[in-house]
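The structure under discussion appears below in the form of structure tokens.
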Amino acid sequence: MKDPLRIAVLAVSASIAATLAGCNYVAVQTAPAKVAASSRSELAQRADKLFWNTLHSGDYDAIPQAMEAMTAAYLETPNDALTAAHVGWLHIWSLAENARLAKPTPTVTDHAVMARKYFQEAVALDPSDARFLGFLASAMLAEGSIHKDEKTTRQGYYTLLSSVDAWPEFNLFTAGYVMSGQAADSQRFKDGLEWQWRNLDECVGEKIDRRNPDYQRYMRLATTQGKKRVCWNSWIAPHNFEGFFLNLGDMLVKSGDWQLAQKIYANAKLTPEYASWKFAPLLEARIQNAQANVAVFAQPGSAKAGGAAMMGKSTFACVACHQQ
Ligand code: HEC
């Protein structure tokens, strides 16, 4: 039997619930955004010193100490974008080079979640630095993949594309590097390889010859200024140039094009800093073993089986570019 009073009560409570839900939405949407700090604290500057010493010396085992110092600086000034990003970078380094651990434990994957969180803070505080956006995207992709969460993966993918639009010279590399671990015959891997080539086009301002990619003629473009500085070596990334060609060579080997890979690897030698690059002998071995590595790189988990690992999955995924 219908009870008009009961129906009326239900209707009223439903509308109150809707209003409350609306309130909830409005309250969340109108919450004040964090206001970015305009200067670095003394604690942040001290933590930065330790941060750079650790990264530039490639001292993976010292990450926990740097993490404590950087996180303390963040807690003191949680609206400092660079501090937040540096915490994010320590987490993503921990994750990226976890092949260095004698026995990686399951919780090493938590670094993806932490990296995503801190890069999200950094992007919110300073949307003008698209390096943060690129790293946010790669952290989201890692998180999505670890947790088998397709929604996060898709968000990560579109964030990656936005980061490329915002700073192609930097984020085409980020994007391609992230895809270097995908199956050699997958569309994602092919896109990644295409992005690496386009990165070179962006850096030199013309289409480079992909059959004969001799970079010698572009060396005069080297700069430490402006957006194109990220195409070359710098204090931040003392061997970026060599690391870029090492990864592109690895991706070409994986695609089967080992002869072209040999030419690409050789470009790393064009920079004066090559002489002091810790990974020069490794690059020489890559050129020597290019043909044999086609099968090795195409095999998932070859590092664990005692084979060589592609740069993106290696113990030098970050320090190939950043170690002094
Ligand atoms: C191919 C070389 C290369 C690889 C690999 C690479 N980076 Fe970088 N990284 C760069 C370049 C280039 C820049 C930008 C330098 C600039 O802004 O002038 C950069 C910027 C940075 C910064 C800058 C922070 C600041 O304060 O400006 C940090 C930290 C960093 N990378 C950490 C990492 C970590 C961690 C990894 C591994 C997950 C990594 N990088 C992988 C080349 C590389």
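The values are calculated or read from the model by the stated rules, or taken from the named source; none is laboratory data. Since the structure is predicted, the reported quantities are computational estimates derived from the model, not experimental observations. Please note: Cβ atoms are built from the backbone with ideal geometry, for glycine as well, and neighbour counts cover all protein chains shown. The area values use the complete protein model at the heavy-atom level, side chains included, leaving out ligands, DNA and RNA. Shrake-Rupley method; radii C 1.70, N 1.55, O 1.52, S 1.80 Å.
Residue separation times 0.36 nm, minus the C-alpha to C-alpha distance between Q187 and S41: what's the value?
In short, 48.0 nm is gained.
Decide, for the range 38-166, between rounded, prolate and oblate: order the square roots of the alpha carbon gyration tensor eigenvalues as a ≥ b ≥ c, take rounded if a/c falls under 1.5, and otherwise choose prolate if a/b is larger than b/c, else oblate.
oblate
Based on the Cβ-Cβ distance of R211 and T153, what FRET efficiency does E = 1/(1 + (r/R0)^6) give at R0 = 25 Å, to the nearest 0.05?
0.15
Round to the nearest 0.05 the FRET efficiency obtained for Q259 and E194 when R0 = 25 Å and r is the Cβ-Cβ distance.
That gives a FRET efficiency of 0.85.
Can you flag which of K49/K148; K151/K227; K227/K313; K228/K278; K49/K227; K151/K269 are past 30 Å Cα-Cα?
Those over the limit are K49/K148; K151/K227; K151/K269.
When you count, for each residue, the other Cβ atoms within 10 Å and take the mean per peptide, how do 59-69, 174-184, 99-109, 131-141 rank with the highest first?
Those peptides, ordered most packed to least, come out 131-141, 174-184, 59-69, 99-109.
Using a 1.4 Å probe over the heavy atoms of the protein chains, calculate the carbon and sulfur portion of the accessible area of the chain as a whole percent.
57
How much net charge surrounds G312 when only other residues with a Cβ under 12 Å from its Cβ are counted (Lys, Arg +1; Asp, Glu -1)?
0
When only Cα pairs under 8 Å and 6 or more residues apart are kept, what is the percent relative contact order across the chain?
14
Among W277, N247, N233, whose Cα projects farthest towards the positive end of the dipole of the range 227-288, with charges put on the beta-carbon of Lys, Arg (+1) and Asp, Glu (-1)?
Sorting the options by dipole projection puts first N233.
If you check each cysteine of the chain for another cysteine whose beta-carbon is under 4.7 Å away, which ones come up empty?
Flagged as lacking a Cys partner: C23, C318, C321.
Gap in Å between the Cα centre of the range 231-289 and the Cα centre of the range 40-61?
27
What accessible area per residue, rounded to a whole number of Å², is obtained for the chain using a probe radius of 1.4 Å?
51
How high is the FRET efficiency between D201 and Y25 when r is their beta carbon distance and R₀ equals 45 Å, given to the nearest 0.05?
Given R0 = 45 Å and the Cβ-Cβ separation, E is 0.50.
In percent, how large is the relative contact order of the range 113-270, given Cα pairs closer than 8 Å and 6 or more residues apart?
15
How far apart, in nm, are two points set 7 Å out from the Cα along the Cα-to-Cβ line at K269 and at N289?
1.9
Does anything in the range 142-185 have its amide N under 14 Å from the 7 Å Cα→Cβ label point of A298, and if so which residues?
Counting backbone N atoms under 14 Å from the label point, the list is 183-185.
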